[in-house]
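Student: Before we start, here is the structure in question, set down as structure tokens.
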Amino acid sequence: MKKPFLALTLSAVTGALLFTGCATQTSYVDPNSSRLVTSVGKIDVQDFAQAADTMTQSLIDNQISQDKLRSSVPSEPALMAVSRIQNNTGQQIDTDVLVKKIRIALNRTGKVQTSTTMGLGGAEDPLAADQQKAQEFFDDKKHTRLPDYTLSGKIIEMRDKAGSVRQASYIFQLSLSSASGIAVWEEEKTIIKQGSRANVGF
Amino acid sequence: VNSADTPAGYLKIQVEVQNNTRSVQAFTYRVEWFDENGMLVTSSPSLPKTLEGKETADIIAIAPTPRAKDFRIKFLEPTN
């Protein structure tokens, strides 16, 4: 008579332990915080932020703050189009996580604007592209404004292991080419992470 | 601490940091940019840095906009 009662009690206790044991507290974290989850095997959100910050700083330092970027239309900011950003890692990456951050920062300088109607693989904003064509037709314009610069790049991954310590290197490379096909700016940022498992914080 | 304006009016800063201990020290830092009224314009993401024992290094940053006229660097201890 006691066995079913014991089994029931045990299962209830186990269930309660499972529920309480698995419970994790979820909280909001500032994306600029140093308490984000850091993993060795993948590019984390803070890695993209770090790479984008380096790229933006370099572009501002070497080109924008030196007034080197030239616009084909006087009194207007230079026009940039985004070309191929190649993902040479083993992960599925939306390269906009990197590129959008750079675009936002460049746009805020007031010296560079990005075309949303011209880009590799089609327009980013198809409605804006249609509107641009219609506007050109009504205005009887013969030429669309071409980008003054194009942004291209590559993300490369290299892995290493020594005992239980794993190392992953992520190399971010970007180039800004002028309309004549000359790379006027190039930058590379390497992020190396070591560890045996994911962690919270840098 | 060194600071200078670029030809286009961007504030560029250079801050020397030194590890006074004999062991490797890791930290993260964040640069905050303020306008002429002391209002926060923007801040950088947390950036990790490691200094070897007794090493001296420079933190160099350029303001993301000419509106930034002052800065503050926040040093944070790593969480692991």
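The values are calculated or read from the model by the stated rules, or taken from the named source; none is laboratory data. This structure is a prediction, so every number in the text was calculated from the model and none was measured. All Cβ positions, even for glycine, are placed from backbone atoms using ideal geometry, and neighbour counts span all protein chains on display.
Student: Tally up the residues in region A:105-148 that are surrounded by 14 or more Cβ atoms within 10 Å (Cβ to Cβ), out of contact with any Ser or Thr (no Cβ under 9 Å at 6 or more places or on another chain) and in a loop (DSSP other than H, G, I, E, B), please.
Tutor: Adding up the residues that qualify gives 2.
Student: Within region B:32-39, is even one residue modelled with pLDDT of 90 or more and in contact with a Gly (Cβ under 9 Å, 6 or more places away or on another chain)? Please lay out each step first, then the result.
Tutor: Residues of region B:32-39 that are modelled with pLDDT of 90 or more, as a first pass: B:32-39.
If we keep only those that are in contact with a Gly (Cβ under 9 Å, 6 or more places away or on another chain) as well, we get none.
For region B:32-39, residues modelled with pLDDT of 90 or more and in contact with a Gly (Cβ under 9 Å, 6 or more places away or on another chain): absent.
Student: Going by the structure shown, is residue B:64 within 29 Å of residue A:193 (Cβ to Cβ), assigned to a loop (DSSP other than H, G, I, E, B), facing chain A (nearest Cβ under 8 Å) and of a type outside the set (A, V, I, L, M, F, W, C)?
Tutor: Spelling it out, residue B:64 is indeed within 29 Å of residue A:193 (Cβ to Cβ), assigned to a loop (DSSP other than H, G, I, E, B), facing chain A (nearest Cβ under 8 Å) and of a type outside the set (A, V, I, L, M, F, W, C).
Student: Can you name the residue in region A:93-128 that is charged (D, E, K, R) and more than 18 Å from the chain's Cα centre (by Cα) and, of all such residues, is farthest from residue A:71 (Cα to Cα)? It would help to see each step written out before you state the result.
Tutor: Of the residues in region A:93-128, the ones charged (D, E, K, R) are A:94, A:96, A:100-101, A:103, A:108, A:111, A:124-125.
This time we only want the ones that are more than 18 Å from the chain's Cα centre (by Cα), so: A:111, A:125.
Values: A:111: 9, A:125: 22 Å.
For region A:93-128, the residue satisfying everything is A:125.
Student: Regarding region A:154-166, can at least one residue be identified that is modelled with pLDDT of 95 or more and touching a helix residue (DSSP H, G or I) at 6+ places or on another chain (Cβ under 8 Å)?
Tutor: Yes, some residue in region A:154-166 is modelled with pLDDT of 95 or more and touching a helix residue (DSSP H, G or I) at 6+ places or on another chain (Cβ under 8 Å).
Student: A further question follows. Report yes if some residue within region B:21-34 is farther than 24 Å from residue A:55 by Cα, out of contact with any helix residue (DSSP H, G or I) (no Cβ under 6 Å at 6 or more places or on another chain), surrounded by 11 or more Cβ atoms within 10 Å (Cβ to Cβ) and within 14 Å of another protein chain (Cβ to nearest Cβ); otherwise report no.
Tutor: Yes, because at least one residue in region B:21-34 is farther than 24 Å from residue A:55 by Cα, out of contact with any helix residue (DSSP H, G or I) (no Cβ under 6 Å at 6 or more places or on another chain), surrounded by 11 or more Cβ atoms within 10 Å (Cβ to Cβ) and within 14 Å of another protein chain (Cβ to nearest Cβ).
Student: Within the set of pairs 6+ apart or on separate chains, which have a first residue in region A:42-71 that is touching a residue at least 40 places away in the same chain (Cβ under 8 Å) and farther than 17 Å from residue B:29 by Cα, a second that is of a type in the set (S, T, N, Q) and part of a helix (DSSP H, G or I), and C-beta atoms under 6 Å apart?
Tutor: Here the result reads A:64/A:109; A:69/A:63, each pair linking region A:42-71 to a residue that is of a type in the set (S, T, N, Q) and part of a helix (DSSP H, G or I).
Student: Output yes when any residue across region A:52-65 is outside any helix (DSSP H, G or I) and within 14 Å of another protein chain (Cβ to nearest Cβ), and no when none is.
Tutor: So in region A:52-65, the residues outside any helix (DSSP H, G or I) come out as A:65.
Subset that is within 14 Å of another protein chain (Cβ to nearest Cβ): A:65.
Yes; the residues of region A:52-65 include at least one that is outside any helix (DSSP H, G or I) and within 14 Å of another protein chain (Cβ to nearest Cβ).
Student: Inside region A:74-130, can you point out the residues that are polar (S, T, N, Q), within 14 Å of another protein chain (Cβ to nearest Cβ) and without any contact (Cβ under 8 Å) to a residue 24 or more places away in the chain? Before the answer, list the steps.
Tutor: Taking region A:74-130 and keeping what is polar (S, T, N, Q), we get A:75, A:83, A:86-89, A:91-92, A:95, A:107, A:109, A:113-117.
Going one step further and asking which of them are within 14 Å of another protein chain (Cβ to nearest Cβ), we end up with A:107, A:109.
Answer for region A:74-130, where residues must be polar (S, T, N, Q), within 14 Å of another protein chain (Cβ to nearest Cβ) and without any contact (Cβ under 8 Å) to a residue 24 or more places away in the chain: just A:107.
Student: Within region B:9-20, restricting attention to residues that are more than 25 Å from residue A:67 (Cβ to Cβ) and over 15 Å from the mean Cα position of the chain (by Cα), which residue is farthest from the other protein chains (Cβ to nearest Cβ)? Give the steps one after another, and end with the answer.
Tutor: If we filter region B:9-20 for residues that are more than 25 Å from residue A:67 (Cβ to Cβ), which is where we start, we get B:15-20.
Of the ones still in play, those that are also over 15 Å from the mean Cα position of the chain (by Cα) are B:19-20.
Working: B:19: 17, B:20: 21 Å.
In this case the residue turns out to be B:20.
Student: Sticking with this structure for a sec: Look at region A:35-51 and say how many of its residues are of a type outside the set (Val, Ile, Thr) and either within 10 Å of chain B (Cβ to nearest Cβ) or surrounded by 20 or more Cβ atoms within 10 Å (Cβ to Cβ) (or both).
Tutor: Of all residues in region A:35-51, those of a type outside the set (Val, Ile, Thr) come to A:35-36, A:39, A:41-42, A:44, A:46-51.
When the remaining residues are screened for being either within 10 Å of chain B (Cβ to nearest Cβ) or surrounded by 20 or more Cβ atoms within 10 Å (Cβ to Cβ) (or both), the result is A:35-36, A:46-51.
Of the residues in that region, 8 qualify.
Student: Another question, if that's okay. Of the residues that make up region A:172-194, is at least one within 14 Å of chain B (Cβ to nearest Cβ), surrounded by fewer than 12 Cβ atoms within 10 Å (Cβ to Cβ) and not in a strand (DSSP E or B)?
Tutor: There is no residue in region A:172-194 that is within 14 Å of chain B (Cβ to nearest Cβ), surrounded by fewer than 12 Cβ atoms within 10 Å (Cβ to Cβ) and not in a strand (DSSP E or B).
Student: Can you find a residue in region A:38-60 that is under 21 Å from residue B:12 (Cβ atoms), among the hydroxyl-bearing types (Ser, Thr, Tyr) and out of contact with any helix residue (DSSP H, G or I) (no Cβ under 7 Å at 6 or more places or on another chain)?
Tutor: Yes: region A:38-60 contains one or more residues that are under 21 Å from residue B:12 (Cβ atoms), among the hydroxyl-bearing types (Ser, Thr, Tyr) and out of contact with any helix residue (DSSP H, G or I) (no Cβ under 7 Å at 6 or more places or on another chain).
Student: Taking residue B:37 as meeting all but one of (1) away from every other protein chain (no Cβ under 14 Å); (2) touching a strand residue (DSSP E or B) at 6+ places or on another chain (Cβ under 7 Å); (3) loosely packed, with under 11 Cβ neighbours inside 10 Å, write down the number of the exception.
Tutor: (2)
Student: Of (1) more than 11 Å from chain A (Cβ to nearest Cβ); (2) charged (D, E, K, R); (3) over 23 Å from residue A:30 (Cα atoms), residue B:72 satisfies all except one. Which?
Tutor: (3) is the only condition that residue B:72 fails.
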